Amino acid sequence: MSCADTDRPFFTPAELRLARRLDADFAASDLPWGWDEDRRVFLTNDDFRLRAFAWREAAAALVSRGVEAVLLHSEETLAIAPALFGCWSAGLETLLTGRADREILEEVRRSGLRIALGLDFERFAEPDDAVLRPVEHPTLVDRPEPIDTDRVLLSLWTSGSTGEPKRVPKRLSQFFTECEAIDRTISIESGLAADETALVFATVTHQHIYGLLFRLGWPLLGRGIVTNRRHHFPEMLARAMSEAPSEEADRALPLFLISSPAHLTRFTQPELFADVRDGVALSVSSAGPLPPEGALAAYRAFGATPYEILGSTETGGIAGRRRIVTPEGDVETPDWVPTPGMTVGIEGNAEPKTGDEGLLTLTSAQLEHPTETGADRIRATKVRGGAVLAFMLLGRADRILKVEGKRFSGDAMKRAILEAARLPDGRPLFADARVLVTKREREETAVAAVLAEDALPQVLASGKSAILRDLRRILSESFDAVTLPRRLRLVTAFPVNAQAKVTRDALLALFDETRPEWLTLTDGVADGVRTVRLTAEMRPTLEWFSGHFPDLPILPGVASLELVRRAVETLRGASAEVLSLRNLKFKSPLFPGERVILTLRFTPKEDGDDVAFTWARPPKDAWTALSDLPPNEAQMAYDRLSQSAEITAQGTLRIHFA
């Protein structure tokens, strides 16, 4: 199939070359398929066949005993690659998981499959468990039966589209089809000639679909040489690349890197790759959106931006793009273009036009069904003959969150947080919580939580650092480390808009580094005047303190006025415009780390509200006295606290609400 045919959605069975990977004449016997970095030797195709047949013979024996699948995990790609092909050739399904532990094993057992345990899972085997080990002296066959591509012989354990652990089964025709599509893509993106072979390095695991395709499946077409280990850190990767052979059998070996946004954004020392920069022909990024700074870091390290893949475990890769770095160092982001063999459309729109929006539909042989509807909304930016040739992503239609390529259920984390967060006496700490993904230097999980009605005194007395630390510890038992919350904002009520709705934008605003963490102490109306007392810690990271002043940071006076306006906006759920200011007095500056009280008094007027405000600083030890306070005494305690506080600023704003 020529590159001109890359928009054809199906590959014929004859084009799925990996089905005959165990044939003696698939590739020259002395050509390498793997590079053992520890022993510094190439492994030949003869070696691959010998290893694969050893697994094939053992797998066939288990199949004859009624075993349906084998649970496999290994961090060594050179170990698992022949195991997979041996099992597939024997008709034994392989189950791949992101980690090897008893919790995963029990999840798989609950699926009802009759399983065997192999590689890293063998250590959990009980006396009655079937165990898969390669035989010592396998019988080789020059042309075994082709691997059955119509059967489900590969499954991946993933969060899927619900966030709950589940099995994602794939027919090998799906997997092999995508490997063929990748070969077309790599030929275009890297310029790798038909007779060239690349040495493939990676920072990602082969236990998930992305790494399995690019680190293992595609190279075994004879187009790449598999390396054994993944390199988490730039220093490790640079050393491995520099120590790798630059040629094999008098042929140059271009280097490929299979990576992810989580790793590429940390490649901030391009000088590490100075010795190998010219040898890197292609870097690939998937498992999450690559931020512009990640693309720029890769460009500086390797001389070109990565080819980015959009996809999921269920669909595989569906589209790709490559950022452009301008001479000024700016990063431009082009639209997504469907990968070879993939046709993209819009649900319910048989003849999409440029600018049309909706849920994307996918047609390809790499899917479970010939045509599927994805979870993303798109806008078509280039259309031809009813097919979308380029598109923009508008966001996911489901509630699954992703942090640095790791997908997890925000709802599941919310339930876990509400269950885990407790006061010392066991009562709930939170009444509600929302899980979000925010971005500073990199993507982070953030939690906004509403304090339970009687939890405020304890939090004011002891602070929240211990709360976040304990939450991360408990959540680490169920969630990947990269998805654990790094930021926590406590509120006494979620902010709402004029329609009394909690919006995502309002929740994200809680994490604005110009916004203190306001907690409501009291809120009441008397004689038509609403009085609200808020408290907040002037945390040192607030941007208002930056540069004002370098040796003695204080809160600028104009910032204190802006914070009043924003607090009023939040309380009213409407945009607030300051019409006038009067009776303004600044008595004492506010310093980083202080917990202060802001009192607001709303008096209705014809063109808005008069909002009288007072900033006050309670004595430093006043907050700790709240720890043993009975809930029914809290309001009086807050009143006393306010009365004893030192006033630092006060005034009145006339505010119009829109």
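The residues of the range 305-320 that are modelled with pLDDT of 95 or more and either over 18 Å from residue 189 (Cα atoms) or surrounded by fewer than 21 Cβ atoms within 10 Å (Cβ to Cβ) (or both) amount to a single one, 307.
Regarding residue 603, is this residue among the hydroxyl-bearing types (Ser, Thr, Tyr), under 17 Å from residue 518 (Cβ atoms) and either out of contact with any Leu (no Cβ under 9 Å at 6 or more places or on another chain) or in a strand (DSSP E or B) (or both)?
Working: among the hydroxyl-bearing types (Ser, Thr, Tyr): yes; under 17 Å from residue 518 (Cβ atoms): no; either out of contact with any Leu (no Cβ under 9 Å at 6 or more places or on another chain) or in a strand (DSSP E or B) (or both): yes.
Criteria not met by residue 603.
Selection within the range 102-136: residues that are touching a residue at least 24 places away in the same chain (Cβ under 8 Å) and open to solvent by 40 Å² or more (accessible area, probe 1.4 Å). The member of this set that is farthest from residue 63 (Cα to Cα) is 120. Criterion applied to 467, 474 was being more than 23 Å from residue 618 (Cα to Cα), surrounded by 14 or more Cβ atoms within 10 Å (Cβ to Cβ), in contact with a helix residue (DSSP H, G or I) (Cβ under 7 Å, 6 or more places away or on another chain) and at pLDDT 90 or above, and the one residue passing it is 474. The numbered conditions (1) touching a strand residue (DSSP E or B) at 6+ places or on another chain (Cβ under 7 Å); (2) assigned to a helix (DSSP H, G or I); (3) farther than 30 Å from residue 363 by Cβ are all true for residue 257 except (2).
Taking the condition surrounded by fewer than 16 Cβ atoms within 10 Å (Cβ to Cβ), of a type in the set (A, V, I, L, M), closer than 30 Å to residue 602 by Cβ and touching a helix residue (DSSP H, G or I) at 6+ places or on another chain (Cβ under 8 Å), does residue 493 pass? No: the conditions fail for residue 493. Being among the charged types (D, E, K, R) and either under 18 Å from residue 478 (Cα atoms) or crowded, with 21+ Cβ neighbours inside 10 Å (or both): is that true of residue 434 here? Yes: the conditions hold for residue 434. Here residue 636 meets the list (1) open to solvent by 10 Å² or more (accessible area, probe 1.4 Å); (2) in a strand (DSSP E or B) almost entirely, failing just condition (2).
Among the residues in the range 139-146, are any in contact with a strand residue (DSSP E or B) (Cβ under 9 Å, 6 or more places away or on another chain) and assigned to a loop (DSSP other than H, G, I, E, B)? No - not one qualifying residue is present in the range 139-146.
For the range 615-633, give me each residue that is open to solvent by less than 30 Å² (accessible area, probe 1.4 Å) and over 20 Å from residue 429 (Cα atoms).
Step one: list which residues in the range 615-633 are open to solvent by less than 30 Å² (accessible area, probe 1.4 Å), which gives 615-616, 618, 622-623, 626.
615, 616, 618, 622, listed by residue number.
Among residues of the range 529-555 that are under 27 Å from residue 572 (Cα atoms) and open to solvent by 80 Å² or more (accessible area, probe 1.4 Å), those with a Cβ under 6 angstrom from a residue that is modelled with pLDDT of 90 or more and among the polar types (S, T, N, Q), sequence gap 6+ or separate chain, pair up as 543/514.
The values are calculated or read from the model by the stated rules, or taken from the named source; none is laboratory data. Keep in mind that this is a model prediction, so the values were computed, not measured. We place every Cβ from the backbone using ideal geometry, glycine too, and count neighbours over all the protein chains shown. Accessible surface areas use protein heavy atoms only, side chains included; no ligands, DNA or RNA. Shrake-Rupley method; radii C 1.70, N 1.55, O 1.52, S 1.80 Å.
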